[in-house]
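Following: one structure in structure tokens, then a few remarks.
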């Protein structure tokens, strides 16, 4: 399941980092990554929460680095940086969990039929 979460986090990061495309895929990127991760391991609802949590943990450091880099040049307060990183991590957790649940349900449904 860690590999699936790693793939989901990589897809999420890829959707955000690709220039021009990130305008369309940036916001739903945790959902897309979670869906691929959930479909990869046909996860259950409980496993979907774990995948979302692992994706958020894996993307915590890149989010913190990105926000701190921007904060250095924009002279932002530390509280604002912490708030933005917390919102980003919660966004990845929620989207990754929902995406993994949908992907797991889709994979299980296609395996039955």
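The values are calculated or read from the model by the stated rules, or taken from the named source; none is laboratory data. Being a predicted model, the structure only gives us computed values, none of them experimental. Cβ coordinates were reconstructed from backbone atoms using ideal geometry, including for glycine residues, and neighbour counts include every protein chain displayed.
Worth a mention:
- Count of residues meeting criterion [more than 16 Å from residue 2 (Cβ to Cβ) and in contact with a helix residue (DSSP H, G or I) (Cβ under 8 Å, 6 or more places away or on another chain)] in the stretch 45-76: 8
- Flag for residue 13 being part of a helix (DSSP H, G or I) and at pLDDT 90 or above: yes
- Of all residues in the stretch 35-90, those being within 14 Å of residue 101 (Cβ to Cβ) and either outside any helix (DSSP H, G or I) or at pLDDT below 90 (or both) number 3.
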